[in-house]
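Asker: Quick one: this structure, given as structure tokens, is what I'll be asking you about.
The values are calculated or read from the model by the stated rules, or taken from the named source; none is laboratory data. Computed from a predicted structure; not experimentally measured. Heads up, the Cβs are rebuilt from the backbone with ideal geometry, glycines too, and the neighbour counts pull from every protein chain shown.
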Amino acid sequence: MTNAGWWCVETASGLLEPREREVVLGDLAEAGDPMLRGLFDVLGLALRRQASLWKNWRPWASAFGVALPNSFQLIGFSLLVSETFRRMFEQGLGADGVRLLLCRIALLAILAWSCGFAVGAVSRRTLWASIAACFLPCLFCLSRFGVPHQSPLSLLLFLPFALWGAWQGLRLVRLRLGSAITLAVAATVLAIVGWPGPWIFMLALIWPGWFLVATARKRPAKAQSD
Amino acid sequence: MLGEFEYLIITAAAGLRDQAYGAAIRDAIEETAGRKCSVGALYTTLDRLETKGLVQTWMGEATQQRGGRAKRMVRVTADGVAAAKDFYDAVARISRGAAWAFKQTGGAA
């Protein structure tokens, strides 16, 4: 295999777990197969590994139970927060308006963060699919955006919080019980005060927070694994 | 009951004894069975066999021939031997009287 060919195979092997990558690259080096066969071997194994992950409920729940539906809702809520902000500056909403705005910003941040955390923690190795499921509604809404006096970017206010949450979920897997309860209670209370739409939609957004409570660790863990 | 590819892997690993690892098993299957054996099929099947308790695997030593990378060594367990024997017996029983089996064993017509 040429150096360029080997570089392609080695790059593709980045899709594998570190231990498996070492074994497979060793096998291919020993066999001395042509580049294309080595590349297909590595890609085939990566594909099989991904496919086996999808036999579990976790990637489905993460991508299609949380990321996809909740990103539609969070896009709508982001727009509402942006609209509340604009009105406050144009019309002056007073102390109540400021309170409502702050409440909605906090609610948006907490809901987006907890959804992101749940997605990152529930299915770490298929996070790419959950991120794609989150970005699809964003692209769809951006392509049809037509709200006057609003920037299309206002749809994406939730995104930094959601991505931060996903990163934390990937890293920590589980929250401490106290933090999880604080987060879930705050989301619920703020939702009662500041949620503008039907309750059924709000429940879809706050359940990831309570899921984090249910899966929280009681004591600090020494190490976390997938 | 084992699948055909599972049987090939167990048999190749058993034949290789202490030298049973991914690349060697793959070579043995390709040379003796005359079929392509992809790395993906090999390692996902090995995982399945290990989950069933039919083989044990562990990380072996690294060699210069492999660019200093470790091997995944394979050992067939007693359950693996029994499962392979069951498969072989079933194939032998069902093949009795088959024209191709008859020719191979050199029996009279």
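Asker: Considering only region A:175-193, I want to know if a residue exists there that is at pLDDT below 80, within 30 Å of A:Leu139 (Cα to Cα) and small (Gly, Ala, Ser).
Answerer: The answer is no, given that none of the residues of region A:175-193 is at pLDDT below 80, within 30 Å of A:Leu139 (Cα to Cα) and small (Gly, Ala, Ser).
Residues checked against (1) loosely packed, with under 14 Cβ neighbours inside 10 Å; (2) within 8 Å of another protein chain (Cβ to nearest Cβ); (3) not charged (D, E, K, R):
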site: B:Glu4; (1), (2), (3): yes, no, no
site: B:Tyr7; (1), (2), (3): no, no, yes
site: B:Gln19; (1), (2), (3): no, no, yes
site: B:Ala33; (1), (2), (3): no, no, yes
site: B:Gly60; (1), (2), (3): no, no, yes
site: B:Gly67; (1), (2), (3): no, yes, yes
site: B:Lys71; (1), (2), (3): no, yes, no
site: B:Val76; (1), (2), (3): no, no, yes
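Asker: Yes or no: region A:68-84 includes at least one residue that is closer than 30 Å to B:Arg48 by Cβ and either without any contact (Cβ under 8 Å) to a residue 12 or more places away in the chain or among the aliphatic types (A, V, I, L, M) (or both).
Answerer: Within region A:68-84 (the criterion being closer than 30 Å to B:Arg48 by Cβ and either without any contact (Cβ under 8 Å) to a residue 12 or more places away in the chain or among the aliphatic types (A, V, I, L, M) (or both)), the answer is no, since none of the residues qualifies.
Asker: With the structure loaded, tell me whether B:Val39 is crowded, with 21+ Cβ neighbours inside 10 Å and within 14 Å of chain A (Cβ to nearest Cβ) or whether it fails that test.
Answerer: yes
Asker: crowded, with 21+ Cβ neighbours inside 10 Å and away from every other protein chain (no Cβ under 14 Å), is that true of B:Gly80?
Answerer: Spelling it out, B:Gly80 is indeed crowded, with 21+ Cβ neighbours inside 10 Å and away from every other protein chain (no Cβ under 14 Å).
Table: residues versus (1) away from chain B (no Cβ under 13 Å); (2) crowded, with 16+ Cβ neighbours inside 10 Å; (3) touching a Leu at 6+ places or on another chain (Cβ under 7 Å); (4) of a type outside the set (Lys, Arg).
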{"site": "A:Ala12", "(1), (2), (3), (4)": "no, yes, yes, yes"}
{"site": "A:Pro18", "(1), (2), (3), (4)": "no, no, no, yes"}
{"site": "A:Glu22", "(1), (2), (3), (4)": "no, yes, no, yes"}
{"site": "A:Ala29", "(1), (2), (3), (4)": "no, yes, no, yes"}
{"site": "A:Asp33", "(1), (2), (3), (4)": "no, yes, no, yes"}
{"site": "A:Leu39", "(1), (2), (3), (4)": "no, yes, no, yes"}
{"site": "A:Leu45", "(1), (2), (3), (4)": "no, yes, yes, yes"}
{"site": "A:Ser52", "(1), (2), (3), (4)": "no, no, no, yes"}
{"site": "A:Trp57", "(1), (2), (3), (4)": "yes, no, no, yes"}
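Asker: Something else now. From the list B:Val76, B:Val39, B:Val81, which residue is under 13 Å from the mean Cα position of the chain (by Cα) and closer than 22 Å to A:Gly26 by Cβ?
Answerer: Unique residue meeting the criteria: B:Val76.
Asker: Output the number of the condition that A:Arg176 fails; it satisfies all remaining conditions of (1) within 14 Å of A:Trp113 (Cβ to Cβ); (2) surrounded by 15 or more Cβ atoms within 10 Å (Cβ to Cβ).
Answerer: That leaves (1) as the condition not met.
Asker: For region A:187-214, give me each residue that is closer than 13 Å to A:Ala112 by Cβ and either under 20 Å from the mean Cα position of the chain (by Cα) or free of Cβ contacts under 8 Å to residues at least 24 places away in the same chain (or both).
Answerer: Hits for region A:187-214 are A:Ala187, A:Leu205, A:Ile206, A:Pro208, A:Gly209.
Asker: Could you count how many residues in region B:20-32 are assigned to a helix (DSSP H, G or I) and touching a strand residue (DSSP E or B) at 6+ places or on another chain (Cβ under 9 Å)?
Answerer: 4
Asker: Which condition from (1) part of a helix (DSSP H, G or I); (2) within 13 Å of the chain's Cα centre (by Cα) is the one that A:Arg125 breaks?
Answerer: Among (1) part of a helix (DSSP H, G or I); (2) within 13 Å of the chain's Cα centre (by Cα), A:Arg125 violates only (1).
Asker: Report yes if some residue within region A:65-74 is aliphatic (A, V, I, L, M) and outside the structural domain of A:Trp164 (by TED's automatic domain parsing); otherwise report no.
Answerer: No: zero hits.
Asker: Can you tell me which residue in region B:33-85 is nearest to B:Ala12 (Cα to Cα), limited to those that are in contact with a strand residue (DSSP E or B) (Cβ under 8 Å, 6 or more places away or on another chain) and free of Cβ contacts under 8 Å to residues at least 12 places away in the same chain?
Answerer: Filtering first and then ranking leaves B:Glu50.
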